[in-house]
Structure formats: C-alpha cells, structure tokens
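Following: one structure in structure tokens, then a few remarks.
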Amino acid sequence: MSFARASFTAKLGLIIVIFYVLVALVGPFLAPYKQSDIVGGVWEPISAEFWLGTDNVGRDLLSRMIYGTRTTLFIAFLATSLSFSWGILTGFFAAVSGGWIDQVLSRWVDLMMAFPTLIFALVVLSMVPINMTTLVLVMATLDSTRVFRIARALAEDTSVMEFVEAARLRGESTLWIIFKEILPNTLTPLIAEYGLRFSFAVLFLSSLSFLGLGVQPPAADWGGMVRDNALGITFGRTASLIPAAALAILTVSVNFVVDWLLDKTSSLRKEG
Amino acid sequence: MADNLITVKDLVIKAKVHRPGEKPFDVTIVDKVSFTLEKGEVLGLIGESGAGKSTIGVAALAYARYGCTITGGQFILNGQDVLEYIGNRLLQHRGGQVAYVAQSAAAAFNPAHKLDEQVVEVAITKGDMSRTEALAYARELYAKIGLPDPENFGQRYPHQVSGGQLQRAMTAMALASRPDLIVFDEPTTALDVTTQIDVLAAIKEAINDFGISALYISHDLAVVGQVSDRIMVLRHGKMVEMGTTEQIFNNPQEEYTKELVSIRSDIKPETPRSDVPALLRLENVTASYDGTLDVVKNVSMELEAGQTLAVVGESGSGKSTTARIIMGLLPQREGTVIFNGDPLPPKLSSRTKEQKRQIQMIYQMADTAMNPRQTIRDIIGRPMTFYFGTSGKERERKVTELLEQIEMGPEFLNRFPAELSGGQKQRVCIARALAADPEIIICDEVTSALDPLVAEGVLQLLLRLQRETNVAYLFITHDIATVRAISDSIAVMYQGGLVEVGQKSEILNPPHPPYTELLLSSVPEMRVGWLEEAIENRTMEAAGN
C-alpha cells in the first residue's frame, strides 16, 4: 500500500471517513445530552451550552448529530454489507453456472431494477412495520440488484480465464471456484464499489427518513433532522443545514477514497 | 560512407521502470547497437523477446514506444540523422521515407474503412501522388504481391479477406509511398506455416523488385534467413553476432547463435507400437459448437501408455477442439472416447473424480492458466489435497519434490505467478498437472508462446518427465519441428477432419497425402534458398491464401 504517495484529496477523504466512524463508535458516550431530551428553547443559537444550538423542540443539536451519525452509518453499513453478500454470491453464482440459472437470476434482477427504487421502498415500507430490520432488509434487497450486475460482470471476465477452467477440469465445486478462484481476483474493484454503494445507502436512508418512512422519531438520523428543522430556514435558523452538510461531506469524502482505490487498480492492470 | 543508405551508430534506448514503492529507474533496452545497411539490402534482426529488436525497428521511424526514450547514438538515413527530425520533417519521414509492417495486420487495419482508402492514404499525404495515381499504383502493387483480383481487391473491408492477404495488403501499404526503408516487425509470426510461406515469398519478391532496403525482425531464425542478406543476432539489447545469412547458418561464431541454429535437432527415437490396447482411443468422434457446423468430423486416434501422440494442423483444423472433447468441455455429438477400456462420459459433469484426475491439461498461456492470487505452493499443492487428501508436512514435501523435478528450488514456494519468467510459469503448470499423478497430460501448444531456447528447455523437461513417470502426452501443436522432436505417433488434422494418423516414421516419410506434403514442405528450414525451392515444388495451394 502506497498511501503516503496518494493524492491530497484521497488523504483528506480518508481522514474524514475515519473521523465519522470514530464519532459513530464512541460519540454517544461523549455526547453532552441524550438524543431525545428536551434541554433548551426552540432553535437556540450556538452557545457554550449548546455547541450547535438546539432543534425545533429544544433538543441539543450536537448530541442529536452524534447519535444520528451512529444510526445513519450503522444502518447504511448493515444494508450495504448485506446487499454485497447477496449480490456477490448470486452474481458470481449466475456467472459461474451460466445457462438457465444465469437467465433466471438475471431476469429477476432486471425485473427488480425496472421499479424506481425510492417508490418501491416507499410502497413496501408503508405496508410493513418500520424498524431497523425492515429498513435494512428493504435497502439491501434493492441495492443487491446493482451489486449483482457488477459482480456478475466481473466474474464473467474472470471465469473465462484458463485457471478457472483448470479448476473446473480438476472437478472443484462451484463454491470453491467462487471463493478461491474468482473472489480474490475481483476484490479490489468490489471494495471500491462497496464504498460507492455505502454512500448511496447513506443518501437513500436519509431520503427515506426525510419522507418519514425511514428512521422513526424520536431516534435521530440525518435525513429526519433535516426534515424536522426544515421549517427553521424560513426564520433564518440554520439547524437543518448541519445534518445536510454532514451528509454532503461524508458522500464527497467516500468518493475521494474510492477514486484513489480505482486509480490504484487501473494502474495495477496497466502494469499487468 | 556514401554508399550506405543507413548508418546506425551506438544507438542507446532506455525505458523507465515504475515499481510500486520504488523510485522510477532506467533500464537500458538497446545498448550501443551499430550497423550499416546498403540500398536494396535486407538485414534480419533476431533474438528472443526483450532482446530489443522491435525497439530498434521503430527507432528507424524516430519513435520510441511509450515509456522508452532514445538517449544516445545516431540513426543516419540518406546522410541525415532521423533522430533529430521534428515537426513536419518528422511527419514526412514516418511513412514517407520509412514504412512499418506490423505483426498483426488484423489489428493494424481500421475495420471501418475499405482497404484501398487505407493503402493509398500515406501515399497521398506523404508522397506527391494524386488520388488517381495512388489508386492505380496500389492496384499495380496488389498484382505484384500476388493478391487475387487486383482491380477490385481494394474495394473490400479488412474482415472480408484472409489473414495472409491482409498481411500482404499491409506490405502493399508500406510500398505505396515508395519508401527507402521498410521495417517488417514479425510480419508472418501470427500466420499458419502454409500461409507464411506465400507471404514470405511475396515480401521477398517485392523487396527485390523495388530495390528497397528492409529491416526484417523475427524470433524465428529460419524465417529471417529466407529474406535477409545479413543477420544480426541480439540478446538483452546487445549485439551478439552479425554476419551474412550463409555464415550465421553454417558457421556461427558465438555460443548463443550456435544454440539458436542447432535448436530441436536432437530427435527422440520413436517407441514402436505394442500389442497392448491403447490407453486412450477416439472412435469416429464428431462435435460441433452450435449443433449445425461440425468443427471436428469423424476423428479417430489412439494414444498408448507412456507415449506421445502429436496432433498437428493449422489454426481452425480442430486440434484444440479435439482436446476439449477429450477433457469433457465439449461433449461430442457422435462417437466415443475410450479411456482404459471404458467409454468416458461425454460431459465433464458426468465424469468421476478419478476420471478427471487421470487426464490433466497444460495450456498455451501459462500466464492465464494460473490464479495470480495464489502462491506456487497452493497452485501445485491443490491437486494433491483435492485428489489424495494430502496436507501439512507431507504436502509440503511432495510440492518441494515436484519443484525439484521441474528444476526449480524450494525458494519458489511462496512466490506468485507474476514473479516468475515465462519458462518457469510453464514449468509450474507442468508440475500442477503432474501433482494429480495422471495417466495422460494434454499439452495444448505449450511451447508456442515461449522463446525458442526456453521452449527447448520445456520440451526436454517434458521428455525427461515422461521417462520418469511413464505419463502419456497428447501434444497439440502447429510446429512440425516440435512434432519431430518429441512424438511417437502423429495425427494430421485439416479443417476439422483427420488427414492421416500413424507412427512418426510413417507420417514424416513420403509418400504423403497432399495436405501433409504441403504442411511439411512449408516449415522453414535453416538454409539459404529453401524458400525458392519450396515454392517451386508445391503441389497444393494453402487454404489461407
């Protein structure tokens, strides 16, 4: 790893991503107040007591930001990880098996992708009870179709290589071919894709929460906080801009890191 | 000197190497090479990959490939150093004074334009011809180099003509601007032997008739010898030896040249047929990829235990497909494959683990045949674990033993394929096949991608391993010299069918069926004047013309 020679943006991106992760992990222990405690007036400005001011019902905004980071990142992380497990497994399986298995899986994914994701999620979430499990499952299911496409394409590229044919001729099982022959050779682009899909998941979850079908109050999350405080803009209160900025900064930073990873892969490919 | 067209003095070309984690450093790929070339003379450049021969060739165009720089020396053409050309002068030089013929004509032609457009383009922009003149001249050239229907040939698109024709069209393109020098960079390497001979003859005639000088680059000494007046032998960017073709063939001075000239001259004695039933028997096998067009038709052959059957033919003859049928990758439509007396199930998935173990395969490209993310230990050790359940110290010992058998040490255990040379990679693939302790190894063009001396080493290794383990080889190749060197029996294939099959002595000695005759007589021999004789004595036209 030659991170020392990575570009400025890559370094900056990684530092910010690490900061977010730290906040999510240890932040709640350091947060000055509980996320749902009403501790002050409505939309109080920044002060020594409330570092980021208070929100629309007088809760400490900093504390809610910290708890919101944990909720948002945790759900996005679970959903992305789950979607990658499904997507990679089914995508590789389709590519390696070929024939009707590939056809069935691919057409199913086409069908799923024909629905606009947000609408599909809204319909499903308005029918089931909304909790963390349903949120993660819905997001992962929708996202796994994208992962399926990429994983299948990568595995198609690799599975025509002769070392995969050699493994087939030896009589190796499909699972061996997927995990020992193909996965190690497709890992870098998949990791980069993971980063991208993670930032999409954060945005998607925030959109759902903004529309009221994501994380349910009083639990804090960025999308919900933007909605709660959106009215404040009319009165010159900036509370809703803070979670929005957190969202933007995280997305940009993840993209910086992914760019660097992709650069590294393509330069490796060039050198053969 | 006034009568020299070209004088090259102390040419030095360096390449920048970027290794992860290290500062970029320079490697000398052409080291103080000097030569002269008279008008109308052909100089052959020969050497293995990385010898710098192509780099010298493109230096004639005052060009260095990406990452390379010409750092010293002169390349004087008609009294002027071409390395000093810039701007328009350089543009005039490239294609105008010096033309280049590349190895892969299929990749060098733009598939979206007709041949005529591409052939006359340089003549119009760099020469002083009008479009009509250039087209007329192109037709003349088509006729000259033996292309069919010269009047209309140029109206076709690149995909509408054969590989041999395309290679000749590229020669026509090079000649079209009436250059002083043409650089031929392995122009026949990608062609079948039977096609190569015609292209070689066309190139030679064109060079002679137009009095053009040429640099002819190849890794095949016999080919270079047919068209060159003099030959320069290169290795690691340095000149090893330079002399007339006659002298290099008959009286080489340096050790390296002697090795190149004597390659594959020791021949394995043929093992006579025994009465034991054959280990592997193909009976009237027919197969197709899409169910309509048969790519292998009614093929029968036999392989005895511990012997080598060479399957020989040009591209498209169905020899690799035959291998895929035996391996179970392409189930045959008709006929049977009998192994050890029992018919093998056509489909790989219906075969038992034991049946899979007994027939192993080695590929042409060792690079893609090994998982780049596995160590040599895992690559060789996996078949042992998979078939015999060998693990731990026992496996370690056996892998080390195999590495010794293929003349590599235990220091390779932890390396990855990318850290090996081409020859070493192929050796590891051989070891992987042996690790399964098979009865038969199918070798699909295993030496075709290797340099001659490295290929020689791999063949010697295969022969030694056969003596030690009594494994049988089904050896697929287009190279008759290899067939001569290692086989006991030979099957000749042509357009999916079997031409003849039999013991080596029967097949290689006359009388031959016409196709075998054509194939055998098309293999370049290392003597001056072979090309003319071969063309003279031909009785059958090659299919790829």
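Every read-out reported here was derived from the displayed coordinates using simple, explicitly stated rules and does not represent laboratory data. Only a predicted model underlies this, so the values are computations on that prediction, with no experimental measurement involved. Virtual Cβ from ideal backbone geometry, glycine too; neighbours counted across all protein chains shown.
Worth a mention:
- ³J(HN,Hα) computed for each position of the stretch B:355-370 - Karplus, 6.51 cos²θ - 1.76 cosθ + 1.60, integer Hz, glycine/proline x: 5, 5, 4, 6, 10, 10, 9, 10, 9, 5, 9, 5, 4, 8, 8, 10
- Cα shape, the stretch B:262-301, gyration tensor, a/c 1.5 rule: oblate
- Using only the C-alpha atoms, the convex hull of the stretch B:280-509 corresponds to 121 Å³ per residue.
- Under the combined filter of DSSP loop state and at most 15 neighbouring Cβ atoms within 10 Å, the stretch B:1-83 retains these GluC sites (Glu not before Pro): B:E22.
- The angle between the Cα long axis of helix B:163-176 and the main principal axis of chain B comes to about 20°, on a 0 to 90 degree scale.
- Rounded, prolate or oblate (a/c below 1.5 giving rounded, otherwise prolate when a/b exceeds b/c) for the stretch B:384-455 by Cα gyration tensor: oblate
- Annotation for the stretch A:134-190 versus the stretch A:43-73: alpha-carbon center distance of 43 Å.
- Neighbourhood charge, 14 Å Cβ-Cβ cut-off, centred on A:Q35 and excluding it, Lys, Arg +1 and Asp, Glu -1: -1
- Averaged over the residues of B:364-370, the number of partner chain Cβ atoms lying within 10 Å of the residue Cβ comes to 4.
- Alpha-carbon Rg/Rh ratio, for chain A, with Rh computed the Kirkwood way: 1.05
- Loop-resident sites, the stretch B:387-430, for GluC sites (Glu not before Pro), counting at most 16 other Cβ within 10 Å (DSSP): B:E407
- The chymotrypsin sites (Phe, Trp or Tyr not before Pro) of the stretch B:233-311 meeting both criteria, a DSSP state outside H, G, I, E and B (loop) and at most 15 other C-beta atoms within 10 angstrom of the site's C-beta, are B:Y289.
- Exposure proxy ranking, count of Cβ atoms within 10 Å, fewest first, for B:Y66, B:Y157: B:Y66, B:Y157
- Debye-formula intensities of the stretch B:4-261, expressed as log10 I(q)/I(0) at q = 0.07, 0.14, 0.15 Å⁻¹, are -0.24, -0.96, -1.09 (one equal scatterer per alpha-carbon, no solvent).
- Whole-percent pair-distance distribution, where bins are 20 Å wide, for the alpha carbons of the protein assembly as shown: 13, 34, 32, 16, 5, 0
- Rounded to the nearest 10 degrees, the angle from helix B:376-388 to the longest Cα principal axis of chain B is 30 degrees.
- Summing Cβ point charges (Lys, Arg +1; Asp, Glu -1) relative to the Cα centre of the stretch B:280-509 gives a dipole of roughly 720 debye.
- Summing Lys and Arg as +1 and Asp and Glu as -1 over all other residues whose Cβ lies under 11 Å from the Cβ of B:A436 gives a net charge of +3.
- For the peptide A:158-165, the mean number of other protein chain Cβ atoms found within 10 angstrom of a residue's Cβ is 6.
- Degrees separating the helix A:61-97 axis from the principal Cα axis of chain A, which is the longest one: 10 degrees
- The stretch B:3-113 shape via C-alpha gyration tensor axes, a/c threshold 1.5: oblate
- Cβ-based exposure ranking for A:I182, B:I76, B:I430, in which fewest neighbours within 10 Å come first: B:I76, B:I430, A:I182
- Summed residue charge, Cβ within 10 Å of B:Q364's Cβ, Lys/Arg positive, Asp/Glu negative: -4
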